[in-house]
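Student: Quick one: the structure is below, and I'll ask about it shortly.
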Amino acid sequence: MSMLPDSHGRFGPYGGRYVPETLMPALLELEAEYAKVKKDRRFQADLAYYLKQYVGRPTSLYRADRLTKKLGGAKIYLKREDLCHTGAHKINNAIGQVLLAMRMKKRRIIAETGAGQHGVATATAAAMFGLECEVYMGTEDMQRQALNVYRMRLLGATVTGVDAGSRTLKDAISEAMRDWTTNVRTTHYILGSVLGAHPYPMMIRDFQAIIGKEARKQILAAEGKLPNYLVACVGGGSNSIGLFHAFLRDPKVKMIGVEAGGSGIVSGKHAARFSGGKPGVLQGTMTYLLQDENGQINLTHSVSAGLDYAAVGPEHSLYHDQGRIEYTYATDTEAMSAFDLLAREEGIVPALESAHAIAEVVKLAPKLKKSQLIIANLSGRGDKDVQQVAKMRGVEL
Ligand SMILES: *Cc1c(COP(=O)(O)O)cnc(C)c1O
């Protein structure tokens, strides 16, 4: 399983490289360079240094006693990616790719962003290494996430609005791919999740797999046994595969990925690809997509911008079909109550994305024995969402 993808970048029937010819040289160069640094001790030592001293790794594996008691079942641990510098797991990937860009002597970084979190992580890593950074963002998202737009500008990045299509993440990715095609000699494109053409889904998984490697050691030290369940939210799928990967070969460890159920599956207003989608090709990869009968991409909806995308990482599609990972969803309402619950019971305000994972823990834990263990990935902190939640509740700040 850990040998995947194959040499064509395929996870079973999924993944691959569905791109125009003009993008092939860039992807082949990236694939070759990544294969080198993967085995390069100097590169790995540099990466480890920045993850420790700049990002703050290892993040803690926190035993949530009050949440455990409240739910009355399995013992719950939280993997605290919210404690990473910039407030989420995305920085793990951004640092890895910026180091790689410098190896390739590319001094210009581009990225796309929806909620702004990946843009902030990329602008941060670029600033730290003194690289030029341009972030593409749909103009609709720029309005919704004005604070993150300003944050990226503070970090020295240029934020470029994309006024095409639905003016959201999908359109920003297309624009970033166009830029990359034109400027590939000087520019590296940092994708934010385990999406896009090979080698991105593999490479980003590898950069995020540190989450699960740490969690595995930490739970063995704390409990002397592996967890019964891992739970994580699934947008593109990077924080979840990051946690799950180190446990894939432990058949007794069950894994649950939680997608955005939005206003409910029947409403059509959601981003639950495994509940309402089917395989197709989008932005370079073959995977489960939300599309209509003509293959047109559906508009998605979630209270949480980071889960609001029509495609899911191709590796997830394979594990879904194999039944290795179970995929479920949490609705906006369920995520909002989990958001409140974690704040009040544990003093942790989670990102709305991560609140989807907590919502699943709320359903799961009471059904399990007290001797059983759950690790939930707290992919990010909720500071970025406080204003939105207040507004949704009609609270004036
Ligand atoms: C971006 C984001 C996500 C969703 O992305 P994945 O690639 O699925 O991890 C989840 N949580 C937080 C806090 C995010 O910023």
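The values are calculated or read from the model by the stated rules, or taken from the named source; none is laboratory data. All values derive from a computational prediction rather than experimental measurement. All Cβ positions, glycine included, derive from the backbone under ideal geometry; neighbour counts span all protein chains shown. With ligands, DNA and RNA removed, areas are computed over all heavy atoms of the protein, side chains included. Shrake-Rupley method; radii C 1.70, N 1.55, O 1.52, S 1.80 Å.
Student: Can you work out the accessible area per residue across the stretch 153-201, with the rest of the protein chains kept in place, probe 1.4 Å, in square angstrom?
Tutor: 41
Student: Applying 1/(1 + (r/R0)^6) with R0 = 22 Å to the Cβ-Cβ distance of Glu345 and Tyr62, what FRET efficiency is obtained, to the nearest 0.05?
Tutor: Computed FRET efficiency for Glu345 and Tyr62 comes out at 0.95.
Student: Using a 10 Å cut-off on Cβ atoms, rank the peptides 129-140, 175-186, 30-41 from the highest mean neighbour count down.
Tutor: 129-140, 175-186, 30-41
Student: Might you tell me the accessible area per residue for the stretch 86-139, computed with a 1.4 Å probe and given in Å²? Spell out each step's value before the answer.
Tutor: On the way: 1150 Å² over 54 residues.
Each residue of the stretch 86-139 exposes 21 Å² on average to a 1.4 Å probe.
Student: Quick one: work out Rg over Rh on the C-alpha atoms of the chain, Rh as Kirkwood radius.
Tutor: Details: Rg = 19.5 Å, Rh = 20.8 Å.
Ratio of gyration radius to Kirkwood radius for the chain: 0.94.
Student: Largest first and in whole Å, give the semi-axes of the stretch 1-102's equivalent ellipsoid, each being the square root of 5 times a Cα gyration tensor eigenvalue.
Tutor: 34, 21, 12
Student: Can you give me the distance in nm between label points at Leu226 and Gln53, each placed 7 Å from the Cα along the Cα-to-Cβ direction?
Tutor: Spacing of the two 7 Å Cα→Cβ label points: 3.6 nm.
Student: Need the list of lysines near Lys36 for cross-linking: C-alpha distance under 25 angstrom, and skip anything on the same chain fewer than eight residues off.
Tutor: Straight-distance partners of Lys36: Lys52, Lys90, Lys105, Lys106, Lys213.
Student: Where Lys and Arg each count +1 and Asp and Glu each count -1, what net charge lies around Ala222 among other residues with Cβ under 14 Å from its Cβ?
Tutor: Taking every other residue near Ala222 into account, the sum is +4.
Student: Around Met24, what is the net charge, scoring Lys/Arg as +1 and Asp/Glu as -1 over all other residues with Cβ under 11 Å from its Cβ?
Tutor: Result for the neighbourhood of Met24: -2.
Student: I've got another one for you. How much of the accessible area of the chain, in percent, comes from carbon and sulfur atoms when a 1.4 Å probe is used?
Tutor: C and S fraction of accessible area: 52 percent.
Student: Still on this structure, please answer the following. Using a 7 Å offset from the Cα along the Cα-to-Cβ direction at both Ser337 and Lys252, what is the distance between the two label points in nm, to one decimal?
Tutor: Going by the 7 Å Cα→Cβ label model, 3.3 nm.
Student: Oh, and also: From the P(r) of the stretch 226-338, could you give the percentage of C-alpha pairs in the tail past 20 Å?
Tutor: For the stretch 226-338, the share of Cα pairs beyond 20 Å comes to 38 percent.
Student: Read phi for every residue in the stretch 292-307 and hand back ³J(HN,Hα) as whole Hz from Karplus 6.51 cos²θ - 1.76 cosθ + 1.60, θ = phi - 60°, with x for Gly and Pro.
Tutor: 8, 5, 9, x, 6, 6, 6, 6, 10, 9, 7, 4, 10, 4, x, 10
Student: How big is the charge dipole of the chain about its Cα centre, in debye rounded to the nearest 20, if each Lys and Arg gets +1 on its Cβ and each Asp and Glu gets -1 on its Cβ? Present the calculation step by step, with values, prior to reporting the outcome.
Tutor: On the way: 50 positive and 40 negative charges, 316 e Å.
Taking the Cα centre of the chain as origin, the dipole is about 1520 debye.
Student: Pick out, from Thr181, Leu230, Leu169, the residue whose Cα sits farthest towards the positive end of the charge dipole of the stretch 121-240, with +1 on the Cβ of Lys and Arg and -1 on the Cβ of Asp and Glu.
Tutor: Leu230
Student: Classify the stretch 250-300 as rounded, prolate or oblate, taking a ≥ b ≥ c as the square roots of the eigenvalues of its Cα gyration tensor: rounded when a/c is under 1.5, otherwise prolate if a/b is larger than b/c and oblate if not. Don't skip to the answer; put the middle values down first.
Tutor: Details: a/c = 2.89, a/b = 1.37, b/c = 2.11.
Oblate shape, in that a/c is at least 1.5 and b/c is the bigger or equal ratio.
Student: Would you calculate a helix-derived [θ] at 222 nm for the chain, using -39,500 (n - 2.57) for each DSSP H run of n ≥ 4 and dividing by the full residue count, to the nearest 500? Display every interim value, and only then the final one.
Tutor: Numbers: 16 runs with 167 residues, N = 397.
Computed mean residue ellipticity for the chain: -12500 deg cm²/dmol.
Student: Could you work out how far apart the two model spin labels at Ser267 and Ala164 are, taking each label as a point 7 Å from the Cα in the direction of the beta carbon, and quote it in nm?
Tutor: According to this spin-label approximation, the distance is 3.1 nm.
Student: Oh, and also: For Lys367, which lysines qualify as cross-link partners when the Cα separation must be under 25 Å and same-chain residues fewer than eight apart are set aside?
Tutor: Reachable lysines: Lys69, Lys70, Lys75, Lys79, Lys225, Lys252, Lys254.
Student: Quick one: compute the contact order of the chain, relative version, from alpha carbon pairs under 8 angstrom and 6+ residues apart, as a percent.
Tutor: It rounds to 20 percent for the chain.
Student: Further, regarding this structure: So what's the projected area for the stretch 68-131, the Cα convex hull averaged over all directions, in nm²?
Tutor: Taking the Cα atoms of the stretch 68-131, their convex hull projects to 5.8 nm² on average.
Student: Using the reciprocal of the averaged 1/r over all distinct C-alpha pairs, how large is the Kirkwood radius of the stretch 260-397 in Å?
Tutor: Details: mean 1/r = 0.0621 Å⁻¹.
Hydrodynamic radius (Kirkwood, Cα pairs) of the stretch 260-397 is 16.1 Å.
Student: With the contact rule set at Cα under 8 Å and sequence spacing of 6 or more, what percent relative contact order holds for the stretch 107-170?
Tutor: This gives 38 percent for the stretch 107-170.
Student: By how many nm would the segment from Ala390 to Lys69 grow when fully extended, if each residue of separation counts as 0.36 nm and the alpha-carbon distance is taken off?
Tutor: Using 0.36 nm per residue and subtracting the Cα-Cα distance, I get 112.8 nm.
Student: Excluding ligands, DNA and RNA, what is the solvent-accessible area per residue of the stretch 222-336 at a probe of 1.4 Å, expressed in Å²?
Tutor: The answer is 35 Å² per residue.
Student: Sticking with this one: Note the per residue figure in Å³ for the convex hull of the C-alpha positions in the stretch 74-221.
Tutor: So the per-residue hull volume is 132 Å³.
Student: Answer rounded, prolate or oblate for the stretch 174-296, using the Cα gyration tensor with square roots of eigenvalues a ≥ b ≥ c: rounded when a/c is under 1.5, else prolate when a/b is larger than b/c, else oblate. Could the numbers behind the result be given before it?
Tutor: Numbers: a/c = 2.82, a/b = 1.31, b/c = 2.15.
Because a/c hits 1.5 or more and a/b fails to exceed b/c, the stretch 174-296 counts as oblate.
Student: Under a point-charge model restricted to the Cβ atoms of Lys and Arg (+1) and Asp and Glu (-1), what is the dipole moment magnitude of the stretch 1-110 relative to its Cα centre, in debye to the nearest 20?
Tutor: My answer is approximately 520 debye.
Student: Another question, if that's okay. Under a 5 Å amide H to amide H cut-off, with H placed in plane at 1.01 Å, what residues pair with Met255 once short-range neighbours are removed?
Tutor: Leu230, Glu326
Student: Considering the convex hull of the alpha carbon atoms of the stretch 285-355, report its projected area averaged over all viewing directions, in nm², one decimal.
Tutor: Across all orientations, the stretch 285-355 yields a mean hull projection of 6.0 nm².
Student: Using r as the Cβ-Cβ distance of Thr186 and Thr22, and R0 as 22 Å, what FRET efficiency do you calculate, to the nearest 0.05?
Tutor: So, using R0 = 22 Å, E works out to roughly 0.90.
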